[in-house]
Amino acid sequence: MRIGIIGSGMVGGTLGRCWVQRGHEVMFGVRDASNPKVGALLAEAGPNAKAGTVAEAAAHGDVIVLATPWRATQDALRNAGNLTGKILLDCTNPLKADLSRLEVGHTTSGGEQVAAWAPRAW
């Protein structure tokens with residue numbers, strides 16, 4: 001399967017490495033594919049891993065994994081482009097950067113907010 005992962009941090013990187021080890025083709029969508037941390041992740045993940053822009057990763061994947069810090073999530077989805085009909089796995093957590101409290105109110109969830117930002121994804 002072709003998997004596009006938006007994000008390459010702890011969550012995205014871990015999931016991507018595991019999926020590559022199981023024979024899947026993974027593309028990480030990142031801000032800067034030439035970043036040494038991204039290069040190290042690709043070297044560790046193996047030959048079925050590559051990096052590109054968020055839009056390239058979204059286009060690459062049969063399944064898209066959203067693994068961004070909450071504050072970057074809306075912009076990442078905007079940059080992903082057309083997600084119509086794509087399966088979107090939301091691995092975000094709507095916490096403040098210092099993990100002190102939720103960024104969303106008591107009337108909606110992070111998942112509901114992501115669904116509103118990516119209304120044509122599944």
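Please treat every number below as a calculation from the coordinates, not as lab data. Quick caveat: nothing in here was measured; it's all calculated off a predicted structure. Virtual Cβ from ideal backbone geometry, glycine too; neighbours counted across all protein chains shown.
Here are the numbers for this structure:
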| item | result |
| --- | --- |
| Residue range of the chain that is longest and free of trypsin sites (Lys or Arg not before Pro) which are both DSSP loop and sparsely packed (at most 15 other C-beta within 10 Å) | 32-95 |
| Residue exposure sequence - ILE5, ILE87 - by fewest surrounding Cβ within 10 Å | ILE87, ILE5 |
| Label assignment, Cα extents along the principal axes in Å derived from the structure, set (i) 46, 28, 27; (ii) 48, 32, 29; (iii) 44, 33, 24 | (iii) |
| Descending semi-axes in whole angstrom, ellipsoid equivalent of the stretch 1-70, from the Cα gyration tensor | 14, 14, 11 |
| Residue-by-residue Karplus 3J(HN,Hα) for the stretch 46-53, coefficients 6.51, -1.76, 1.60, Hz, glycine and proline x | x, x, 8, 10, 8, 10, x, 6 |
